[in-house]
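The values are calculated or read from the model by the stated rules, or taken from the named source; none is laboratory data. The structure presented is a predicted model; accordingly, all values stated were derived computationally and were not measured. Note that each Cβ is placed from the backbone with ideal geometry, even for glycine, and that neighbours are counted across all protein chains shown. Just so you know, the surface numbers come from the protein's heavy atoms only, side chains and all, with ligands and any DNA or RNA stripped out. Shrake-Rupley method; radii C 1.70, N 1.55, O 1.52, S 1.80 Å.
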Amino acid sequence: MAKEVRNTVRLGIFVTVGIVLFTVGIYYIGNRKNLFGERYRLETYVPNAHGLKVGNNVRYAGIVVGSIETIQLLNDTTLRVVMVLDGQVKGHIRKDAIASIGMDGLVGNVILNISPGNGNELPAEDGDVLTSFSRIDPTEMLNTLGNTNDNLSLLSNKLLEIAKKLNDGQGTIPLLLRDSTMAIAFGSSLDNLQAASGDLRLLIADLRDIVAGVSEGEGTLGYLLTDQALPQKLEAFTDHLDSLLVDEFGPVIAELQRTGEEVARSGEELRSAMEDLNRGEGVAEVLLRDSTAAADLKAILENLEEGTASFNENMEAMKHNFLFRRYFKKQAKEEEKAEN
Amino acid sequence: MSGEKEPYRGLLTFFDETGKVSLFTARFFREAFRPPFEFRELLRQSYIIGYQSLFLVATTGFIMGLVFDLQTRPTMIEFGAESYMPSMIGISFVREIGPVVTALICAGKIGSSIGAELGSMRVTEQIDAMEVSGTNPFKFLVVTRVLAAMLMVPVLVLIADAIGLFAAFLVENLKGDVTFRLFFNQVFNNLEFGDLIPSTVKSFFFGLAIGLIGCYKGYYAARGTAGVGSAANQAVVVASLLLFVIDLIAVLIADIFYEL
Amino acid sequence: MESKSPTSPPLIHIRGLRKAFGEHEVLLGFDLDLYDGENLVMVGKSGSGKSVLLKCIVRLEEIDSGTLEVLGKSIPDLDQVALDRLRTDVGFLFQGSALYDSMTVRENLQFPLRRHPDRMRGEAEEKLIVSALDSVGLAHAIDLMPSELSGGMKRRVALARTLILRPRIILYDEPTSGLDPITAKEIIELILQVQREFHTSSFIITHDMDCARVIANRMIMLVEGTNYAEGTYAELAASNDPKVRAFFK
């Protein structure tokens, strides 16, 4: 019986020790995850561990590749950190990679980050030393964050003020900003103005040429006046000319005159607007606050456009008229000659 | 063991008990796989151990879910992580709280009732009576109870998990604004078989430990009514202690598998 | 019922049996022979190892050394199957009746039959149970739970349960303990009646001398782990040995 007791005690010891060894064993297996895989070590030297502990994760490009094996205090300013890395990443971490101590989130664990260098170096081998980059520690980080926060709040206050002013309609920009139709109208007005003035210039040049041609006795008119061989022809065509001058040219001239007046008037208004603009009161102030002026300007521009359009039509008609055909042909020839 | 030096007495008793429990466990596995099998008794014990513990386990699971959620909520809100509540509760309930709390409740209820029942059967010679009437009492009493505990504890754990999560949902729904579907979608999105399987396997071992210790203490209860009481008491104490040892080992093993 | 038949071999044959629990020695070389048809009563102080001896006979306890033969078979050498077979021939009435609390009376009686090699089922089994209960006068209690029975009734049901396998030997462990004198007397009557009816041999341990006086063909006294004295009730009552006399007070 006593022997039996001794046997159960022996078995008890065996079982207890077995369980303890098993537990410790799997604890170590759990800790050293790659017990059976290939592993290698890298070192780095840092001035401050920032709370890094043995067993903390090592990350490369954001993935866990190993863990910290030892942290050793070498002297008053240098710590030696040895990390054990998974053999699978061996080819990827190069000798110029940079180790830095960081945080896994704001309240997370401290980790060791390895960032790639420029990638020209050879892969790091077992026992190589990586350069370290000292990161601000969490408290500093939080301080900086605090400062940034203060600045941000100042900035946002200013922004708030501006926004408030904008809403209240103070200043010049707000007006422009607020009235979108005005802006569009203004834009198209300016376009029209530009086109109109271009057309006007062409028109005036043409007119000058015609008048010059007539006075020199050249061109159709001159030809007609000097050609005496064809009085009948002239006679026959007097009616045509009359009707042409009265029916066609007359309205053209009248239109031209009216256009000119309107251009002058709008030019006046434009000039004053420009002056205002120059004085710094802004276009908006003048053009846009006064909606009637804007409407006028728009009307003017439209008229101008209409006028030039009909003038062009008239000119085209004149070109095709036999009386003026010669003049135009000649002119074309002269142009050709000049080009050659 | 009498006449031993006093300081070693406790240690010796511990090792002696460990050895005896080991033998008992070995005998359980030997007998469990050897016919004849007591299916009817297994069914009856499963009913007693499983079904009759249901109310207790459900109630504690419900309260655990409520309390756990209520306690965690303020902290999570502080971190602005209120939306993580369902997944966090889900994982912690399924992985740890459900199995361990349910197992402890079962150790209290099943362990003590097995300990007391077998203890009183031992004391009133019912076990001897079975033996002399040609029925193997170990097979009839121990194997069926341990197997029933092994089978029922995981089921109870799953039920406690479900009820606990439902209670947590109630809190989330009343205090916050989480719908049933959202809550359980979040819970199940974050649960993996890697969470459920280790905890279920763990529950099997919890059941084994509860059943074995209860049976061992009852089966070898000392004579007299005091023996019954101490059998029930020790069954609970030892089983509870063993649960944590198993839990530790299970977590360590599960950790290895998580890494793979 | 008439005493020993010296020609036939003893049903139980024990020589030099030793049994110790740890360093506490209970039986120190005990000798015993139980012959066919006799009622052997063993008396001894409580804690003297009477129950232990009884349990050794059906191998509920392992013996340390000595010879122990039941029905011609050496108990320590039997394998489980042979032991189970032998146990159906040896009934055991436990001290506290040892009815299974969680089962009805019927199930209690069914229990020894369930692993019996030639188990009968259905009506035959039911008939057997009823007849066994009938023989102890408790057929009406068939669907009761043990907790609903009085001490005397429990003892009767336990006896019925023992009888159901028709054993050749019945071992009684304190059959009258915990019972009032009237009930005790009834149980004693029942034991005698059963013996007549089923022609069993009985080995009864008790410290109740009244019981011993009524039942015993032969008595044996267990003192300090040995069979201290043997004889009929009258012989022992007439003894001058102070240790023997101590029982007759």
The strands (runs of 3 or more DSSP E) lying wholly within region A:10-105 that contain at least 2 residues that are touching a residue at least 60 places away in the same chain (Cβ under 8 Å) and open to solvent by 60 Å² or more (accessible area, probe 1.4 Å) are A:39-46
Kindly evaluate residue B:122 against the criterion of being under 30 Å from residue B:94 (Cβ atoms) and among the basic types (Lys, Arg). no
*Does residue B:14 satisfy the condition of being surrounded by fewer than 15 Cβ atoms within 10 Å (Cβ to Cβ) and within 14 Å of another protein chain (Cβ to nearest Cβ)?*
yes
Of those in region A:321-340 that are modelled with pLDDT under 70 and within 17 Å of residue A:208 (Cβ to Cβ), the residue surrounded by the fewest Cβ atoms within 10 Å (Cβ to Cβ) is A:328
All-but-one check, residue B:43 against (1) open to solvent by less than 30 Å² (accessible area, probe 1.4 Å); (2) at pLDDT 90 or above, failing number (1)
Residue B:249 - would you say it is within 14 Å of chain A (Cβ to nearest Cβ) and open to solvent by 40 Å² or more (accessible area, probe 1.4 Å)? no
Might you check whether a residue that is in a helix (DSSP H, G or I), open to solvent by 50 Å² or more (accessible area, probe 1.4 Å) and away from chain C (no Cβ under 12 Å) occurs anywhere in region B:106-124?
yes
Worksheet item: Is it true that some residue in region C:116-138 is within 11 Å of another protein chain (Cβ to nearest Cβ) and either open to solvent by 70 Å² or more (accessible area, probe 1.4 Å) or on the phi > 0 side of the Ramachandran plot (or both)?
Response: yes
How many residues of region B:231-246 are open to solvent by less than 50 Å² (accessible area, probe 1.4 Å) and touching a residue at least 60 places away in the same chain (Cβ under 8 Å)? The answer is 7
**Request:** Tell me, please, whether a residue that is in contact with a Lys or Arg (Cβ under 9 Å, 6 or more places away or on another chain), among the aromatic types (Phe, Trp, Tyr), more than 18 Å from residue B:118 (Cα to Cα) and in a helix (DSSP H, G or I) can be found in region B:9-28.
**Result:** yes
For residue C:66, the lone unmet condition from (1) within 28 Å of residue C:152 (Cα to Cα); (2) of a type outside the set (S, T, N, Q); (3) in contact with a Leu (Cβ under 6 Å, 6 or more places away or on another chain); (4) part of a strand (DSSP E or B) is (1)
Those residues of region C:77-99 which are at the interface with chain B (Cβ under 7 Å from one of its Cβ atoms) and either of a type in the set (D, E, K, R) or surrounded by fewer than 18 Cβ atoms within 10 Å (Cβ to Cβ) (or both) amount to C:84, C:87
Among the residues in region C:20-35, are any without any contact (Cβ under 8 Å) to a residue 24 or more places away in the chain, under 16 Å from residue C:204 (Cα atoms), surrounded by 15 or more Cβ atoms within 10 Å (Cβ to Cβ) and facing another protein chain (nearest Cβ under 10 Å)?
no
